[in-house]
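The values are calculated or read from the model by the stated rules, or taken from the named source; none is laboratory data. Every value quoted in this text rests on a predicted model; they were computed, and no experiment measured them. With ideal geometry, Cβ positions are generated from the backbone for all residues, glycine too; neighbour counts draw on all protein chains shown.
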Amino acid sequence: MNRPGLDVSVVMRRERLESRWQPWRWVLDEVRPSDPTQQGGPLLIQDDKDIQRWLHTGYRVELFRDDAEGYHLNATTPAPCWFVMWRMEEEATVAPEPIARPEIVTLSYHDAGRWLDAQETVEQVPAPPEVIDWMRAFADAHLIQEPKKRRRPDSFRPLTDRFGNPASVSTGWKRGGGGGGQGGEGGGHG
């Protein structure tokens, strides 16, 4: 089955910090449409004393009908975005030190939430208007709104004890039942 999708590239940025404990940090820089002339990689596209930018190509962002709600949630926020889950390399492969490598790119709030719940590193950058319009059109076409069920107020629910048996509430005072707030033994009733 052909799913609607976009081919994108991800740029990760390594930036210098003013910290003796952590001299560098990696952050998501941008998600951009793939350029067929820039294949392979990762490719170092900027390298100066304070910043390195690495281009990672070959990511496909597909839209799935069963995740229309996740796209709808993204499209209706004040700042719709790309979500990128990335990890650090275990060992250096293309640079003297390990670099950050994007794993997956999505437009779904649900995907991003699952990755965050799994303790993955997920960052976001704004998505361009044409991508937001494309995502919104897909979500509108495939979102199935669940009808809201009317919830009865708790005052109409039957009372049950902790074992699920019917229970009743009495507002009157019963004889022999715990003294009724009066001091002494027996409650002073005779």
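Observations on the model:
- Leu73 vs. criteria of a type outside the set (Asp, Glu) and more than 23 Å from Glu120 (Cα to Cα): no
- Boolean, Gly184 is over 16 Å from Ala68 (Cβ atoms) and modelled with pLDDT under 70: yes
- Glu103 falls short on exactly one of the conditions (1) over 21 Å from the mean Cα position of the chain (by Cα); (2) without any contact (Cβ under 8 Å) to a residue 24 or more places away in the chain; (3) part of a strand (DSSP E or B), and that condition is (1).
- Condition met for His56 (at pLDDT 95 or above, surrounded by 13 or more Cβ atoms within 10 Å (Cβ to Cβ) and touching a strand residue (DSSP E or B) at 6+ places or on another chain (Cβ under 9 Å)): yes
- From the list Glu130, Glu89, Glu123, the one residue that fits, being under 25 Å from Ile45 (Cα atoms) and free of Cβ contacts under 8 Å to residues at least 24 places away in the same chain, is Glu89.
- Matching residues in the range 1-24 - criterion: being surrounded by fewer than 15 Cβ atoms within 10 Å (Cβ to Cβ) and within 16 Å of Val84 (Cα to Cα): Gly5, Asp7
- Options Gln124, Gln119; residue that is in contact with a Cys (Cβ under 8 Å, 6 or more places away or on another chain) and polar (S, T, N, Q): Gln124
- Residue match in the range 71-88 (condition: more than 16 Å from the chain's Cα centre (by Cα) and within 16 Å of Arg25 (Cα to Cα)): yes
- Restricting the range 14-41 to residues that are of a type in the set (Lys, Arg) and in a strand (DSSP E or B) leaves a set whose member that is farthest from the chain's Cα centre (by Cα) is Arg16.
- Within this structure, Gln52 fails the test of being farther than 25 Å from Asn2 by Cβ, of a type in the set (S, T, N, Q) and assigned to a loop (DSSP other than H, G, I, E, B).
- Glu146 being closer than 26 Å to Ile51 by Cα and either at pLDDT below 95 or exposed (fewer than 12 other Cβ atoms within 10 Å of the Cβ) (or both): no
- Complete set of residues in the range 133-151 that are assigned to a helix (DSSP H, G or I) and under 14 Å from Glu69 (Cα atoms): Met135, Arg136, Ala137, Phe138, Ala139, Asp140, Ala141, His142
- Odd one out for Glu120 among (1) in contact with a strand residue (DSSP E or B) (Cβ under 8 Å, 6 or more places away or on another chain); (2) over 21 Å from Arg25 (Cβ atoms): (2)
- Residue match in the range 30-46 (condition: touching a residue at least 60 places away in the same chain (Cβ under 8 Å) and surrounded by 13 or more Cβ atoms within 10 Å (Cβ to Cβ)): yes
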